[in-house]
Amino acid sequence: MSVWAGTRRGAAAVCCAAATLATSASAGPARLMDWPELLGRPLPAPTERIAYGPGPMQFGELWLPAGTGPFPVVLMVHGGCWLSSVATLGIMNYAADDLRRRGIAVWNIEYRGVDRPGGGYPGTFHDVAAGADALTRIAADHPLNVGKVVALGHSAGGHLVLWLAARPRLPAASALKTAAPLPIAGVVSLGGLPDLEPEAARGVCGDGTIARLVGVPSAGHPRVYAETSPAELGVGDVHRSFVAVTILCLLCLPFFLRLLPRAGAEVSGHRRALATGAELEPRPSAD
């Protein structure tokens with residue numbers, strides 16, 4: 001049994017215990033916050049905005065904890081149906097600030113959605129890849145430990161962080177292939193969509209959205225999902241450096257970061273299975 005297989009039940013137990021303690025510590029019954037209430041709260045501010053490319057949407061925001069570091073790093077990618085009109089990186093500010101206060105640095109990247117000039121295939125993927133790879137350069141001037149980066153994404157961002165971790169498996173002739181992709185030690189996919197083809201058939205995010213994301217079949221790009229869908233690149237049956245997980249509370253992330261150095265064995269299973277307390281089929285997100 002692999003180290004991760006032997007400890008993932010413990011990780012799930014810690015997550016549940018943390019969530020229970022957080023709930024029991026509150027004064028009175030909790031009430032779920034609605035969308036306007038969430039976005040109506042004061043928005044925390046990042047430490048610094050840094051461009052990773054020349055375009056107006058090719059930038060990220062760095063969230064540095066107090067102290068001297070070097071700090072562990074979470075690479076964060078927002079969701080919103082791959083549509084910039086639905087959401088931008090600011091939707092993740094609350095989560096980024098929470099991690100920063102826990103001593104974890106965050107690199108939260110923006111990217112062109114399919115509804116922006118140059119977005120879709122290959123532009124959206126090029127943006128996310130360039131944003132991720134910029135961490136190596138940024139770490140030269142900031143107290144970051146990029147040796148074991150954890151990528152966290154929500155909804156469409158969950159798909160994109162899974163894709164980032166699977167980039168080493170891209171075909172050599174792929175237009176999305178890069179020479180030295182940033183190594184991703186682990187993935188937290190919150191409501192992500194690892195298998196795009198069936199979601200496109202279901203019309204997730206509106207008819208045609210995923211088609212715009214994956215591109216039109218052509219002589220150089222005949223199998224549109226082969227380069228763009230994490231399931232086609234082997235999610236759930238991957239090499240030693242890639243552990244894909246779905247976690248529902250950010251309280252678990254500091255524990256997960258501590259676990260990574262011990263999680264060296266391969267996670268295997270059905271190509272759509274994600275490793276968590278049990279192997280679960282991912283539930284699609286509507287946003």
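The values are calculated or read from the model by the stated rules, or taken from the named source; none is laboratory data. Just so we're clear, the structure is a prediction, and the values are computed from it rather than from any experiment. Here Cβ is always computed from backbone atoms with ideal geometry, including for glycine, and neighbour counts include all displayed protein chains.
In summary, Ala180 fulfils each of the numbered conditions (1) at pLDDT 85 or above; (2) touching a Lys or Arg at 6+ places or on another chain (Cβ under 9 Å); (3) farther than 25 Å from Cys81 by Cα; (4) not hydroxyl-bearing (Ser, Thr, Tyr) with the single exception of condition (2). Taking each residue of the stretch 104-117 that is farther than 14 Å from Arg212 by Cβ and looking for partners that are among the charged types (D, E, K, R) and surrounded by fewer than 24 Cβ atoms within 10 Å (Cβ to Cβ) with beta-carbon atoms closer than 7 Å, six or more apart or interchain, yields Val106/Arg100; Asn108/Glu61. When restricted to residues that are crowded, with 23+ Cβ neighbours inside 10 Å and farther than 22 Å from Glu110 by Cβ, the stretch 161-187 contains 1. Filtering the stretch 206-229 to residues that are exposed (fewer than 10 other Cβ atoms within 10 Å of the Cβ) and of a type in the set (S, T, N, Q) leaves only Ser218. Test Ala129 against the stated conditions and say whether it is buried (at least 20 other Cβ atoms within 10 Å of the Cβ), touching a residue at least 24 places away in the same chain (Cβ under 8 Å) and either of a type in the set (Gly, Ala, Ser) or farther than 18 Å from Met76 by Cα (or both). It is true that Ala129 is buried (at least 20 other Cβ atoms within 10 Å of the Cβ), touching a residue at least 24 places away in the same chain (Cβ under 8 Å) and either of a type in the set (Gly, Ala, Ser) or farther than 18 Å from Met76 by Cα (or both). Here Ile91 qualifies as surrounded by 16 or more Cβ atoms within 10 Å (Cβ to Cβ) and at pLDDT below 95.
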